[in-house]
Amino acid sequence: DIPSQADNIPYQKQAWSRQEVLVLLGVLLVALVLRLYAIGDQSIWIDEAYSLRLASHGPAYILDETIRENHPPLYFLLLSAWMRMGPATEAWARSLSALTGVLLVGVCYVFYRSVVPRSTALLAAFLLAVSPWAIWHSQDARMYPLALCFCFLGVILLQRYLETGLMGYLLGGAVSILGALYSHLYSVSV
């Protein structure tokens with residue numbers, strides 16, 4: 001196996017090829033189909049019921065309620081807005097997490113691509129796309145995919161700041177980590 005010229009370029013500096021983009025789009029399509037498949041078939045469980053109850057109220061109520069609870073308000077505010085844009089169904093409520101779960105696959109790919117070869121990054125993104133655990137949490141009206149998206153995006157942007165020194169990346173990374181913290185308290189580990 002003869003190394004190609006691209007093997008000598010740091011991973012994050014390699015240009016995106018048309019083939020890479022097409023494969024990634026295929027992986028994202030698989031992730032979308034798997035996350036939307038039978039999304040409304042399961043009963044709502046207690047934590048989802050809490051999410052839906054909060055989302056049925058306005059921002060002031062959500063902020064007041066989450067101050068007294070152990071969950072930050074960002075996901076519930078987004079879910080509230082999301083529920084007003086579509087039908088008031090379980091599937092629609094869960095679709096916000098499903099779409100965020102697909103976004104997570106893409107964001108993770110960008111992170112993976114910066115630390116491993118493209119083929120490995122695509123494989124890792126595919127494994128996340130078909131992961132039963134990731135699909136399960138993406139079909140749940142909860143904040144987990146959103147918090148993870150913000151965490152990975154924050155790490156990517158902070159990594160870019162360390163590479164370039166551009167303050168925009170630092171600011172974007174800080175805002176992303178703040179978004180993660182306002183989505184789930186465990187994001188403090190990032």
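Observations on the structure shown:
- Residue match in region 98-109 (condition: open to solvent by less than 10 Å² (accessible area, probe 1.4 Å), more than 17 Å from Phe152 (Cβ to Cβ) and in contact with a Lys or Arg (Cβ under 9 Å, 6 or more places away or on another chain)): yes
- Test: residue in region 98-106 that is farther than 25 Å from Leu25 by Cβ and part of a helix (DSSP H, G or I): no
- Among residues of region 33-53 that are under 21 Å from Ser131 (Cβ atoms) and loosely packed, with under 12 Cβ neighbours inside 10 Å, none has a beta-carbon under 7 Å from a residue that is of a type in the set (S, T, N, Q) and at pLDDT 95 or above at least six positions away or on a different chain.
- Leu77 vs. criteria open to solvent by 50 Å² or more (accessible area, probe 1.4 Å), modelled with pLDDT of 95 or more, touching a helix residue (DSSP H, G or I) at 6+ places or on another chain (Cβ under 8 Å) and over 30 Å from Leu123 (Cα atoms): yes
- Scanning region 110-156 for residues that are hydroxyl-bearing (Ser, Thr, Tyr) and surrounded by 24 or more Cβ atoms within 10 Å (Cβ to Cβ) yields one hit, Ser138.
- Qualifying residue in region 35-43 (condition: of a type outside the set (Gly, Ala, Ser), in contact with a helix residue (DSSP H, G or I) (Cβ under 8 Å, 6 or more places away or on another chain) and assigned to a helix (DSSP H, G or I)): yes
- Taken as a whole, the structure places Val30 among residues that are β-branched (Val, Ile, Thr), at pLDDT 95 or above, surrounded by 12 or more Cβ atoms within 10 Å (Cβ to Cβ) and within 18 Å of the chain's Cα centre (by Cα).
- Within region 80-97, no residue satisfies the criterion of being exposed (fewer than 12 other Cβ atoms within 10 Å of the Cβ) and either touching a His at 6+ places or on another chain (Cβ under 7 Å) or hydroxyl-bearing (Ser, Thr, Tyr) (or both).
- Region 54-66 residues that are β-branched (Val, Ile, Thr), paired with ones that are open to solvent by 10 Å² or more (accessible area, probe 1.4 Å) (beta carbon under 6 Å, 6 or more apart): Ile62/Pro73; Ile62/Leu77; Thr66/Pro73
- Odd one out for Ala141, checked against (1) in contact (Cβ under 8 Å) with a residue 40 or more places away in the chain; (2) more than 25 Å from Ala174 (Cβ to Cβ); (3) assigned to a helix (DSSP H, G or I): (3)
- Selection from region 54-74 of residues that are open to solvent by 50 Å² or more (accessible area, probe 1.4 Å) and part of a helix (DSSP H, G or I): Pro59, Ala60, Tyr61, Leu63, Asp64, Ile67, Arg68
- Selection count, region 157-190, where residues are touching a residue at least 24 places away in the same chain (Cβ under 8 Å), open to solvent by 60 Å² or more (accessible area, probe 1.4 Å) and either among the small types (Gly, Ala, Ser) or part of a loop (DSSP other than H, G, I, E, B) (or both): 2
The values are calculated or read from the model by the stated rules, or taken from the named source; none is laboratory data. Model, not experiment: these values are computed from the prediction. Cβ coordinates were reconstructed from backbone atoms using ideal geometry, including for glycine residues, and neighbour counts include every protein chain displayed. Surface areas here come from the heavy atoms of the whole protein model, side chains and all, with no ligands, DNA or RNA. Shrake-Rupley method; radii C 1.70, N 1.55, O 1.52, S 1.80 Å.
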